[in-house]
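A short write-up of the structure that comes next.
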Amino acid sequence: MRLNDLEYDLPPELIAQSPVPERDRSRLLAVQRGGPVAGHHLFCELPDLLCEGDLLVLNDTRVLPARLIGRRERTAGKWDGLFVRQTEHGVWEMLCQTGGKPVPGETVIIESACGDDVLRLEMVEKTAGGRWLMRPQRLGSVVDLLARFGRIPLPPYIRKGHAESEDRERYQTVYADKAGAVAAPTAGLHFTPGLFDALARRGISRTFLTLHVGPGTFQPVQTDDPAEHRVQAEWGEISENSASIILATKAKGGRIVAVGTTSVRVLETAARQRDPGRAWSGFTDLTICPPFEFRSVDALITNFHLPRSSLLLLVAAFTGLDCMRQAYREAITNRYRFYSYGDAMLIQ
């Protein structure tokens, strides 16, 4: 497999710029794993496409309003930053864009959404990886400060044409719980409480894990041999309770249906531990590419992904390269909506 195998031509108008009015009314392409496209559906029809005894495993991370827009105090030049993490010393690690060459000791000023408060960040030093370490000049938790001064960090291919308040709701899953991600686990955006009720009536249960999606999710595969690519490490967790539910489902012959590539990475990371049936937490840089032995996941719900992305690479490993490419051709021909606010696939 070569990098060119992860290319495809997408008409720009198929890049979804906003969500559909009702979450579960997005479209769903059913794909037979390793085989042909099985049908075209709405996402609300998912209960009829799964089997009694199946277990949905969903990522309950919550997207932080991690984008900060401000100005450099010394030059008044525009500054744009993305919060990545807080270090053990309380310093923020950030991706920054600005004109000129800022130097350590400079201050960036960010106004609150209402314009009635400001946050100052001191630029401490630039890391070897090109990120800035910045120190907030006021007390408060990361979650609270970002909630007041931050914005939802939409992917760059979404051109703003609607209110940010809509993104604060719709760029979160309805079950988002643990704050820490800078991008949404987008396969989960299609679920609603009513759909969960319909799934339960069909004997399809659910459990949760966590993977805090980092900026590495947007990093394209750049090596000609995709097997040489490594995704940036992200923090994840499976609780003792979820691990027990997954084990019990397997023991009864039920299938593990991963909701999103993030869930796949945590499940397959945990499956490779010394005691794969127990709780797990830590950082994972597991990179899934063909050929790959899936030890936990039996079916996958996922959105359509960017060319040359590690996410598309994972899908190719799960479906087989030819199957993945055929499914994407089918989706483009039938005018499916792509990427974060777009439609989904069920691969089983």
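If the cut-off is 29 Å between C-alpha atoms, which lysines fall inside it for Lys160, apart from same-chain ones fewer than 8 positions away?
Lys78, Lys101, Lys178
In deg cm²/dmol and to the nearest 500, what is the mean residue ellipticity at 222 nm of the chain if only DSSP H runs of at least 4 residues count, each as -39500 (n - 2.57), divided by the residue total? Kindly include the intermediate steps, with their values, before the conclusion.
Details: 8 runs with 73 residues, N = 348.
Theoretical 222 nm ellipticity from helices: -6000 deg cm²/dmol.
Do you know the relative contact order of the chain, to the nearest whole percent, from alpha carbon pairs under 8 angstrom that are 6+ apart? Could the numbers behind the result be given before it?
Details: 744 pairs, mean separation 88.5, N = 348.
Relative contact order comes out at 25 percent.
Given R₀ = 22 Å, FRET efficiency for Arg335-Thr192 by Cβ-Cβ distance, to 0.05? Numbers along the way, then the final one.
Working: r = 24 Å, r/R0 = 1.07.
Efficiency, from the Cβ-Cβ distance: 0.40.
Could you tell me the convex hull volume per residue, in Å³, taken over the Cα atoms of the chain?
Values: hull volume 51.6 nm³, N = 348.
So the per-residue Cα hull volume is 148 Å³.
For the range 212-321, what is Rg from Cα atoms divided by 2.2 N^0.38 Å, rounded to two decimals? Intermediate results must be reported in sequence, preceding the final value.
Numbers: Rg = 13.9 Å, N = 110, 2.2 N^0.38 = 13.1 Å.
My calculation over the Cα atoms of the range 212-321 gives 1.06.
Just rank Phe292, Phe208, fewest to most, by other beta-carbon atoms within 10 angstrom. Before the final figure, lay out each step's value.
On the way: Phe292 16, Phe208 22.
By the 10 Å Cβ count, ascending: Phe292, Phe208.
Within a 10 angstrom radius of the beta carbon, how do Ile332, Ile301 rank from fewest other beta carbons to most? Provide the component values of the computation, followed by the final result.
Working: Ile332 16, Ile301 27.
Ordered by Cβ neighbours within 10 Å, fewest first: Ile332, Ile301.
By how many degrees, 0 to 90 and rounded to 10, does the Cα axis of helix 321-333 deviate from the longest principal axis of the chain?
Approximately 80 degrees, to the nearest 10.
Can you give the translational diffusion coefficient of the range 277-348 in µm²/s, computed by Stokes-Einstein from the Kirkwood radius over Cα pairs at 37 °C and 0.692 mPa s?
Working: Rh = 13.4 Å.
Once the numbers are plugged in, D ends up at 244 µm²/s.
Expected output is a single nm value to one decimal: the length gained when fully extending between Arg120 and Asp80, i.e. 0.36 nm times separation in residues minus the C-alpha distance. What is it?
Numbers: separation 40, 0.36 × 40 = 14.40 nm, distance 1.34 nm.
That works out to 13.1 nm of additional length.
Relative to the present Cα-Cα distance, how much length would full extension add between Arg33 and Ser239 at 0.36 nm per residue of separation?
Numbers: separation 206, 0.36 × 206 = 74.16 nm, distance 2.88 nm.
That pair, Arg33 and Ser239, stretches by 71.3 nm at full extension.
Could you tell me how many degrees, from 0 to 90 and to the nearest 10, lie between the Cα long axis of helix 261-270 and the main elongation axis, the longest principal axis, of the Cα atoms of the chain?
80
Explain nothing, just the number: dipole magnitude of the chain about its Cα centre with +1 on each Lys and Arg Cβ and -1 on each Asp and Glu Cβ, in debye rounded to the nearest 20.
Values: 42 positive and 42 negative charges, 62 e Å.
Magnitude of the dipole: close to 300 debye.
When the gyration tensor of the range 67-149 is built from Cα positions, what are the square roots of 5 times its three eigenvalues, in whole Å, from largest to smallest? Each step should come with its number before you reach the end.
Details: eigenvalues 64, 52, 22 Å².
Computed over the range 67-149, the values are 18, 16, 10 Å.
Whole angstrom only: what separates the Cα centroid of the range 279-348 from the Cα centroid of the range 67-116?
Spelled out, the Cα-based centre of one part sits 35 Å from the other.
Mind pulling the angle between the C-alpha long axis of helix 240-251 and the longest principal axis of the chain? Nearest 10 degrees, somewhere in 0 to 90.
Relative to the chain, helix 240-251 is tipped by roughly 20 degrees.
What does the extension gain come out to for Glu293 and Ser281, with contour length at 0.36 nm per residue minus their alpha carbon separation? Spell out each step's value before the answer.
Working: separation 12, 0.36 × 12 = 4.32 nm, distance 2.13 nm.
Gain on stretching Glu293 to Ser281: 2.2 nm.
Please order Glu106, Glu228 by the number of other Cβ within 10 Å, starting at the fewest.
Working: Glu106 18, Glu228 12.
Least crowded to most crowded, the residues run Glu228, Glu106.
Measuring from label point to label point, each 7 Å out along Cα→Cβ, what is the Val174 to Arg159 span in nm?
Between Val174 and Arg159, the simple spin-label model gives 3.2 nm.
For Glu45 and Leu247, FRET efficiency with R0 = 25 Å and r from the beta-carbon atoms, rounded to 0.05? Before the final figure, lay out the partial values.
Numbers: r = 29 Å, r/R0 = 1.17.
The formula returns an efficiency of 0.30 here.
Where Rh is the Kirkwood radius over the Cα pairs of the range 1-120, the temperature 4 °C and the viscosity 1.567 mPa s, what D in µm²/s does Stokes-Einstein return? It would help to have the intermediate numbers written out before the result.
Numbers: Rh = 20.0 Å.
In µm²/s, the coefficient rounds to 65.
Any read-out appearing in this document is the output of simple, stated calculations on the displayed coordinates, not a laboratory observation. These numbers were taken from a predicted model, which means no experiment stands behind them. Quick reminder, even Gly has a Cβ in these numbers, built from the backbone with ideal geometry, and neighbours come from all protein chains shown.
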